[in-house]
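Read the structure below first, then the notes.
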Amino acid sequence: MLVKGSEEQKRTYLPNMVAGSWTGTMNLTEPHCGTDLGLLKTRAEPQANGSYRITGTKIFISSGEHDLAENIIHLVLAKIAGAPDNVKGISLFIVPKFMVNEDGSVGTRNSLSCGSIEHKMGIHGNSTCVMNYDGATGYLVGEPEKGLAAMFIMMNAARLGVGLQGLAQGEVAYQNAVSYAKDRRQGRALKPELRDPDAPADTLFVHPDVRRMLLEAKAFNEAARALVLWGSLQVDLSRKAETEEERQQAEDIIGLLTPVIKGYLTDKGFEAAVNAQQVYGGHGYVREWGMEQFVRDARIAQIYEGTNGVQAMDLVGRKLAQNGGRAVRTFFEVVARDIADARAAGDPAGVAAPLERALGDLQAATMWLAQHGMADPNNAGAGAYAYMELMGVVALGWMWLKMAGTSSRLLEEAGEDRAFHEAKIATARFYAARELGKTGALRNEVEAGAETVMALPAEAF
Ligand SMILES: Cc1cc2nc3c(=O)[nH]c(=O)nc-3n(C[C@H](O)[C@H](O)[C@H](O)COP(=O)(O)OP(=O)(O)OC[C@H]3O[C@@H](n4cnc5c(N)ncnc54)[C@H](O)[C@@H]3O)c2cc1C
């Protein structure tokens, strides 16, 4: 609304929305279409006064109905009568729950209603609604038939937000698991010298496999947090950097990594929540400790705002090839430069060499896709997911390179922060030793192509 709305729309809706006294929704999904929005059926009929009558059914609308706010401003995708019946015919409309009076106050109810609230696996704090629009009054945002592009302004930001949501679930689950593992006593340390002589059993912390689960979560959480912060910086730079070249570079690189931040961070956030739940054993499965809720809540982030499979396709099918591959070349250059700098500084955490190998796998997989994806688009589709993961492993490894380098520089003068920096370097070592090596397998998966994926006839499943 801020970017595409008219001055009047901004004046009418934004102050209350920013203040939080009105809330908003995004209405894309319909019963027969989620990913493939070209199929959407919601119609918009132009009225003599410049408004539109919106008719159709939307499903899965987050916060579609509630009484937590004085008004709900729905942003609805619909097709104006006569528009092409595909993605090119989609327009964007503001459809308020309550009409807004001339003086800005909330008026009569618009003709839209909540058909039902979904019963779902997690995020029970959010009402996910079927929304029925029965000739509701709506106002066009931006130009007709440019609605999807306008919605994407919000969705690109929302995808970064959902990536952060994945990370946040992983983090809170991890924090709980750490305190549980320090408290719970089961079994004996494998090495006698690590056993607590004053207790009949040791804490979970002595068991390498418990440490593995905690460290996988910790190494992910900290690098993912750095990547999200770095990504937010790129968003700022893409708008405010001094030169056009810097703005362009920031926009390229955050555009490339947005599907990775959304897709990879929500997959790994879920995995971290599952690992943290596992640390609790059976106590993680029962409700009492709250761990099963983190797992249930983390799951949605892999699905909404474009499923992770669709993020992978966006990365491979659109982002890699855009502007002749400019963004991915920039990414390779920036990472390679940081590797060279780390080597020059002695690479104290030992991340540079494994990261260089991982970057090599990513470059090779990119080249393979460029050559074989064109010849057979199923090669791109079959390898997209592994490619997204591969870029995710490299992106987090790059963050560990940066963090370990910074901590090594600050270590000597760290004082009371010394333990913090030592933990950073130790966690970087864990990531370098155990995670970065996975890129070889992911590269193999990409390069295996579509043949075995597509060979089986549908009846054989
Ligand atoms: C709790 C919740 C809240 C939601 N909130 C909102 C909201 O506020 N507003 C809104 O508009 N929507 C919302 N959604 C909808 C959500 O964005 C969609 O469910 C999601 O985009 C997937 O669409 P779909 O469910 O129709 O699945 P489908 O599109 O039918 O996809 C099914 C499967 O096929 C795969 N697939 C589909 N097409 C392709 C393709 N071309 N290539 C490769 N794989 C493909 C998908 O990855 C998926 O695995 C919400 C959903 C839930 C569950």
What part of the accessible area of the chain, given as a whole %, is carbon or sulfur when the probe is 1.4 angstrom? 54 percent
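Could I get the Rg over Rh figure for the stretch 127-220? Both from C-alpha atoms, Rh via Kirkwood, rounded to two places.
1.38
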Can you find, among 436, 354, 327, the residue farthest towards the positive end of the dipole of the stretch 313-453? Put +1 on the C-beta of Lys and Arg, -1 on that of Asp and Glu. 327
Rounded to two decimals, the Rg over Rh value of the chain from Cα coordinates and the Kirkwood Rh reads 1.01
Protection proxy (average C-beta count within 10 Å per residue), highest first, orders 131-142, 202-213 as 131-142, 202-213
Any idea what Rg and Dmax come out to for the stretch 313-453 if you just take the C-alpha atoms, in Å? 17.0, 58
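If the chain between residue 57 and residue 371 were fully stretched, how many nm would it gain, using 0.36 nm times the residue separation less the Cα-Cα distance?
Result: 108.8 nm gained on full extension.
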Which of the peptides 265-278, 378-391, 351-364, 146-159 is most tightly packed, and how do the rest follow, judged by the mean count of other Cβ atoms within 10 Å per residue? 265-278, 378-391, 351-364, 146-159
So how much slack lies between residue 318 and residue 109, counting 0.36 nm per residue of separation and subtracting their Cα-Cα distance, in nm? 71.1 nm
Hey, how many Å between the Cα centroid of the stretch 213-255 and the Cα centroid of the stretch 89-136? 34 Å
What distance in nm lies between label points placed 7 Å from Cα along the C-beta direction at residue 235 and residue 337? 2.4 nm
Which entries of 79/268; 120/402; 10/79 show an alpha-carbon separation above 32 angstrom in the structure shown? 79/268; 120/402
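Based on the Cβ-Cβ distance from residue 244 to residue 364, what FRET efficiency comes out when R0 is 35 Å, to the nearest 0.05?
My answer for the efficiency is 0.60.
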Any idea of the accessible area per residue across the chain, 1.4 Å probe, to the nearest Å²? 49 Å²
Simple label model, 7 Å out from Cα along Cβ direction - residue 41 to residue 143, nm: 3.0 nm
What is the calculated FRET efficiency for residue 117 to residue 49, with r their C-beta to C-beta distance and R₀ = 35 Å, to the nearest 0.05? 0.60
What Kirkwood Rh does the stretch 7-144 have if only Cα atoms enter the pairwise 1/r average? Answer in Å. 15.3 Å
Could you calculate the FRET efficiency of residue 87 with residue 326 from 1/(1 + (r/R0)^6), where r is the beta carbon distance between them and R0 is 30 Å, rounded to 0.05? 0.75
Mean separation of Cα contacts under 8 Å (at least 6 apart) over the residue count of the stretch 150-306, i.e. the relative contact order in percent, is 38 percent
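If each residue of separation counts as 0.36 nm, what is the full-extension length gain between residue 201 and residue 19 once their alpha-carbon separation is subtracted?
Difference between extended and current length: 60.1 nm.
The values are calculated or read from the model by the stated rules, or taken from the named source; none is laboratory data. Keep in mind that what you see is a predicted model, and the values were worked out from it rather than measured. All Cβ positions, glycine included, derive from the backbone under ideal geometry; neighbour counts span all protein chains shown. Areas reflect the complete protein model, heavy atoms only, side chains present, ligands, DNA and RNA absent. Shrake-Rupley method; radii C 1.70, N 1.55, O 1.52, S 1.80 Å.
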